[in-house]
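Read the structure below first, then the notes.
None of the figures in this text is laboratory data; all of them are computed from the coordinates on show. What you see is a predicted model; the values in this text were computed from it and never measured. Because the Cβ atoms are built from the backbone with ideal geometry, glycine has one as well, and the counts that use them run over all protein chains shown.
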Amino acid sequence: MERLPTRVELLKRNIQVGDVACPLCESEDETATHLFIACGFAAAIWAKISLWCKVPYLVAFSFKDVVNDHCFCGLEGKKNWRTRALC
Ligand SMILES: [Zn+2]
């Protein structure tokens with residue numbers, strides 16, 4: 001819903017952020033989709049979390065896929081902290 005305060009969204013709200021490039025990879029603008037789906041740095045973190053939690057690696061095509069992942073990752077309740085942090 002474009003509510004996350006990414007650099008692109010902050011700039012839309014006339015908040016000066018300087019460069020809107022992702023500070024993690026500097027390859028694209030920092031949007032929620034980029035941070036959670038396309039960023040190579042974030043993808044490496046997701047891969048490590050998946051290994052740590054012993055759940056399948058999340059293949060997401062949208063931010064909604066990431067949020068809805070809790071239904072399919074194999075973890076329930078308190079163990080499913082991966083997506084609880086996003087809600
Ligand atoms: Zn990035």
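Using a simple spin-label model with pseudo-atoms 7 Å out from Cα toward Cβ, residue 10 and residue 53 lie 2.7 nm apart. Fully extending the segment from residue 43 to residue 64, taken as 0.36 nm per residue of separation minus the present Cα-Cα distance, adds 6.0 nm.
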